[in-house]
Amino acid sequence: MNSFLSIFPMMFRARRPSRLSDMQAVDVPFWIRKGYEGMTFFGHIITHSKEDADHFNQYWDAMKNHEMIHLYQARSTHDSWICFYMKYLWQWLKACRYHRRLRNAGYLLNPFELEAYGHMYDLHYLDDKESGTTEWHRYVNMSLEERLQIYLARKRSACD
């Protein structure tokens, strides 16, 4: 699925988040930045290569769990991909003003990413969250400075 036009059927044929139990990974390398392994896109996981897509489709590891958390977040945003992406984009834009203090601040301080990174290694995090995850709400209500402190603390603990 390497063509640019292959993205559009994913958007228009997307099923509601609550109707998905898993997300199929597909390779569309030009849609994903270097340094990122996958990206949730309307019920699919976009990857760099066919090998990466096969790995996501075969194994439920930390990165797959991270992307699946986004599926469950979409369930908690009125069970709508459009609503999820609108909220995600709004939070990304708000956090971008910290770009001088933190490269990729729009991404790293985004409440949806904070929840996903915070629980990606807990492979049982989604076990009892059939209707969606809601921890991202707590991050939305925090200041950007508080989110930055959480991100930095996690980064320090990962280095230890």
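The values are calculated or read from the model by the stated rules, or taken from the named source; none is laboratory data. Just so it is clear, the structure is predicted and the values come from calculations on it, not from any experiment. Glycine also receives a Cβ, built like all others from the backbone with ideal geometry; neighbour counts cover every protein chain displayed. These area figures cover heavy atoms from the full protein model, side chains too; ligands, DNA and RNA do not enter into them. Shrake-Rupley method; radii C 1.70, N 1.55, O 1.52, S 1.80 Å.
Quick look at the values:
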{"read-out": "So Glu113, is it outside any loop (DSSP other than H, G, I, E, B), open to solvent by 40 Å² or more (accessible area, probe 1.4 Å) and modelled with pLDDT of 95 or more", "value": "no"}
{"read-out": "Only one of Gly43, Gly38 that is under 18 Å from Met86 (Cα atoms) and surrounded by 20 or more Cβ atoms within 10 Å (Cβ to Cβ)", "value": "Gly43"}
{"read-out": "Selection from the range 49-66 of residues that are open to solvent by 60 Å² or more (accessible area, probe 1.4 Å) and touching a Lys or Arg at 6+ places or on another chain (Cβ under 9 Å)", "value": "His55"}
{"read-out": "Members of the range 79-89 that are of a type outside the set (Phe, Trp, Tyr), surrounded by 15 or more Cβ atoms within 10 Å (Cβ to Cβ) and more than 19 Å from Gly106 (Cβ to Cβ)", "value": "Asp79, Ser80"}
{"read-out": "Where a residue in the range 129-147 is in contact (Cβ under 8 Å) with a residue 12 or more places away in the chain and surrounded by 11 or more Cβ atoms within 10 Å (Cβ to Cβ) and its partner, wherever it lies, is assigned to a loop (DSSP other than H, G, I, E, B) and among the aromatic types (Phe, Trp, Tyr), with Cβ under 9 Å and at least six apart", "value": "Thr133/Tyr125"}
{"read-out": "The range 116-160, subset under 18 Å from His66 (Cα atoms) and of a type in the set (A, V, I, L, M, F, W, C), residue modelled with the lowest pLDDT", "value": "Ala158"}
{"read-out": "Failed item, numbered, when Ser21 is tested on (1) outside any helix (DSSP H, G or I); (2) buried (at least 18 other Cβ atoms within 10 Å of the Cβ); (3) among the polar types (S, T, N, Q)", "value": "(2)"}
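Each row is one residue, and each column tells you yes or no for (1) touching a Leu at 6+ places or on another chain (Cβ under 9 Å); (2) among the charged types (D, E, K, R); (3) farther than 15 Å from Gln73 by Cα.
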| site | (1), (2), (3) |
| --- | --- |
| Tyr98 | yes, no, yes |
| Leu114 | yes, no, no |
| Leu123 | no, no, yes |
| Leu126 | yes, no, no |
| Lys129 | no, yes, no |
| Glu145 | no, yes, yes |
| Leu148 | yes, no, yes |
| Cys159 | no, no, yes |
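Every residue, every condition in (1) under 17 Å from Tyr36 (Cβ atoms); (2) of a type in the set (Ser, Thr, Tyr); (3) open to solvent by less than 50 Å² (accessible area, probe 1.4 Å); (4) in contact with a His (Cβ under 9 Å, 6 or more places away or on another chain), yes or no:
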{"site": "Met68", "(1), (2), (3), (4)": "yes, no, yes, no"}
{"site": "Thr77", "(1), (2), (3), (4)": "no, yes, yes, no"}
{"site": "Gln91", "(1), (2), (3), (4)": "no, no, yes, no"}
{"site": "His99", "(1), (2), (3), (4)": "no, no, no, no"}
